[in-house]
Amino acid sequence: MPTLALIYPLYTNEKLDRNARTIYPLGLAYLAAYAPEDWNVTVIDEQFTAVNYDMAVDLIGITTTTLTATRSYAIADEFRKRGKKVILGGVHASTCPDEALQYADSVCIGDGEHVIANMLQDYARGELKERYSAPPQPLDGLRPPRHDLFPAKYTFLPVSTSRGCPFNCTFCCINEFYMGRYRLRPVEEVIAELKSLPRGYDIVFFTDGNMFGYSKKDAKRFKELCRRMAEERKLGTLPFKYFTCYGSINALADDEALDLAVASGCVAMLVGFESINPESLKSMNKVLNLKYGVDSYFELVLNAQKRGLLVVGEMIVGSDGDDQKALDDTRTFLDKINFDILRLQILQPLPGTKLFGALKEEGRLHLKDFPRDWDRLRDGFLVGVSFDLKQLEATSLQRWVKDTGMAFYAYPRIAVRAMKTLRHSWSPRLAATLVKMNLRSRRTYANLEIA
């Protein structure tokens with residue numbers, strides 16, 4: 001029986017603690033589910049298992065992100081030196097296929113599960129093509145991913161209810177990767193997967209780029225999914241207690257959605273507030289945030305927190321509209337709004353984004369030596385300055401991010417958040433988890449190196 005090894009490369013900058021061992025690569029679990037039955041599939045996650053380059057395997061598949069691109073290429077090189085065929089897929093290979101092909105025998109662009117059978121058949125015939133690409137297809141009838149291939153060593157269990165995003169932010173490559181399509185799985189198919197999940201996890205992480213969506217239809221579907229999860233929770237059929245997800249500020253404005261989310265087990269929502277500067281929001285194409293207005297942020301966060309729902313606020317600085325006053329105002333804002341968790345970073349240009357293309361065309365992009373500069377982007381993902389700033393000085397901006405992050409995660413403020421969470425949720429375990437995550441974030445900002 002031929003063997004396929006699917007590899008998840010290690011994110012090698014441990015100082016940044018970028019979700020280390022948080023969730024496993026769901027995309028590989030889907031690929032394994034769609035591999036022909038006459039193939040033996042094994043998954044190697046470098047976070048837990050070292051790659052054995054001399055293992056008995058026929059074909060290698062490696063998933064890529066921009067932050068693991070050079071590690072992916074290094075792994076591919078070692079296997080190819082030993083005469084093995086290598087296929088590269090994932091977000092980075094899909095957005096930079098010509099580059100990826102320099103280090104692989106084949107590249108998979110986009111969703112891989114719909115072409116993996118063809119790739120393996122072509123390999124068996126000695127006819128592996130250089131490129132495979134599948135246009136986005138409806139998610140109805142999607143096979144359950146192979147959750148059984150991963151050990152119960154991760155913090156969260158990943159599940160996907162949709163692919164793509166209804167928004168088109170200039171700094172995000174989701175639209176490019178999914179070819180501008182936002183696709184939803186049928187509610188009952190999601191429920192069936194949730195009921196069949198392996199035990200041993202308290203929390204499911206919904207990996208959707210935006211689980212709530214934008215339209216009335218999207219919101220209705222989110223509420224129905226939450227209703228069904230709440231029903232199954234009462235019946236005791238779900239093997240997990242809680243879930244977290246990505247949302248947008250419109251979710252925080254919908255009382256019914258928040259009530260249903262909490263009833264169904266939602267404990268935290270990651271929300272892209274991004275900026276309090278209208279000019280920066282315009283440059284990011286954050287139309288929804290502009291529609292609600294920055295003044296609404298406080299009320300929206302409180303609307304979730306008073307229900308015991310943790311809000312993870314994502315903020316970005318360094319846009320062309322940001323000046324020192326914008327930074328000062330942002331610091332004041334962060335002191336007052338009191339997110340439960342803050343994810344603050346400098347704007348980063350990723351390949352496949354409108355931001356990357358615009359900066360390159362303007363000659364402002366510092367990333368020019370590929371693939372070596374992907375390591376530079378990786379190592380400076382929170383405070384790296386990868387393009388010419390318009391109104392700010394690079395080192396000063398970097399120090400501001402580090403200082404602001406450390407101030408947000410000061411020990412007394414962490415304690416206050418924990419007490420607030422305990423008061424709203426009456427869950428010591430949830431409060432303890434919040435403290436743990438706050439301390440991890442504090443270490444991350446403490447470890448940031450300023451050039």
| remark: Relative to the compact-globule estimate 2.2 N^0.38 Å (N residues), the Cα gyration radius of segment 31-116 stands at a ratio of 1.03
| request: Find, among the chymotrypsin sites (Phe, Trp or Tyr not before Pro) in segment 355-451, those assigned to loop by DSSP (not H, G, I, E, B) with at most 10 other beta-carbon atoms within 10 angstrom. | output: TRP426
| note | Here the FRET efficiency for GLU232 versus ASP329, based on Cβ atoms and R0 = 30 Å and rounded to 0.05, is 0.10
| Label zone at TRP426, where the point sits 7 Å out along the Cα-to-Cβ direction: segment 307-326 residues whose backbone N lies under 20 Å | 307-310
| request: Please work out the Kirkwood hydrodynamic radius for segment 117-190, using every pair of different C-alpha atoms, and report it in angstroms with one decimal place. | output: 15.4 Å
| remark: Averaged over all viewing directions, the convex hull of the alpha carbons in segment 1-160 casts a projected area in nm² of 9.3 nm²
| said: Distance between the C-alpha centers of segment 143-175 and segment 319-376? Whole Å please. | reply: 24 Å
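What number, in percent, do you get for the relative contact order of the chain if the mean sequence gap of Cα pairs under 8 Å and at least 6 apart is divided by its residue count?
13 percent
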| field | Probe 1.4 Å, accessible area per residue of segment 106-220, Å² | value | 46 Å²
| message | Once you place label points 7 Å from the Cα toward the Cβ at THR22 and ARG183, how far apart are they in nm? | response | 2.5 nm
| note | From the cross-link list LYS217/LYS420; LYS217/LYS291; LYS153/LYS420, the entries with a Cα-Cα span beyond 22 Å are LYS217/LYS420; LYS153/LYS420
| task | From the P(r) of segment 169-258, can you give the percent of Cα pairs sitting at distances over 24 Å? | result | 25 percent
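Assuming a viscosity of 1.306 mPa s and a temperature of 10 °C, what translational diffusion coefficient in µm² per second does Stokes-Einstein assign to segment 403-451, Rh being the Kirkwood radius over Cα pairs?
Details: Rh = 11.3 Å.
Answer from the Stokes-Einstein relation: 141 µm²/s.
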| query | Looking at segment 47-133, which GluC sites (Glu not before Pro) are DSSP coil and have at most 14 other C-beta atoms within 10 Å of their C-beta? | reply | GLU127, GLU130
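Averaged over every viewing direction, what's the projected area of the C-alpha convex hull for the chain? Give it in nm², one decimal, please.
Mean projected area for the chain: 20.4 nm², to one decimal.
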| query | Picking from SER94, THR42, LEU258, whose Cα lies most toward the positive end of the charge dipole for the chain (charges on Cβ: Lys, Arg +1; Asp, Glu -1)? | reply | LEU258
| task | Leaving ligands, DNA and RNA out of it, report the carbon-plus-sulfur percent of the accessible area of the chain at a 1.4 Å probe. | result | 51 percent
| query | In segment 117-260, what % of DSSP beta bridges are antiparallel (nearest 5)? | reply | 20 percent
| the chain: calculated mean residue ellipticity at 222 nm from DSSP helix runs of at least 4, using -39500 (n - 2.57) | -12000 deg cm²/dmol
| Within segment 323-337, what residues put their amide N at less than 20 Å from the label point 7 Å along the Cα-to-Cβ vector of ASP295? | 326, 329-337
| remark: Amide H proximity to VAL43 below 5 Å, modelled H, separation 5+ or other chain, gives LEU6
| task | State, to one decimal in nm, how far the label point of THR49 lies from the label point of ARG143, with both points 7 Å from Cα in the Cβ direction. | result | 1.9 nm
| remark: Given the candidates LEU334, TYR445, ALA418, the one whose Cα lies deepest towards the positive end of the charge dipole of segment 325-451, counting +1 at each Lys or Arg C-beta and -1 at each Asp or Glu C-beta, is ALA418
| field | Assigned charges on the beta-carbon of Lys, Arg, Asp, Glu; segment 15-172 dipole about Cα centre (debye) | value | 360 debye
| said: Projecting each Cα onto the charge dipole of segment 237-337 (Lys/Arg +1, Asp/Glu -1 at the beta carbon, about the Cα centre), which of MET269, PRO239, ASN289 comes out farthest on the positive side? | reply: PRO239
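Around VAL311, under 13 Å between beta carbons, what's the net of Lys plus Arg minus Asp minus Glu among the other residues?
Result for the neighbourhood of VAL311: +2.
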| request: Evaluate the charge dipole of segment 164-313 about its Cα centre and quote only its size in Debye, nearest 20, assuming +1 on the Cβ of each Lys and Arg and -1 on the Cβ of each Asp and Glu. | output: 320 debye
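The values are calculated or read from the model by the stated rules, or taken from the named source; none is laboratory data. All values derive from a computational prediction rather than experimental measurement. Don't worry about glycine lacking a Cβ; one is built from the backbone with ideal geometry, like all the others, and counts go over all protein chains shown. Note: areas computed on protein heavy atoms with side chains; ligands, DNA, RNA excluded. Shrake-Rupley method; radii C 1.70, N 1.55, O 1.52, S 1.80 Å.
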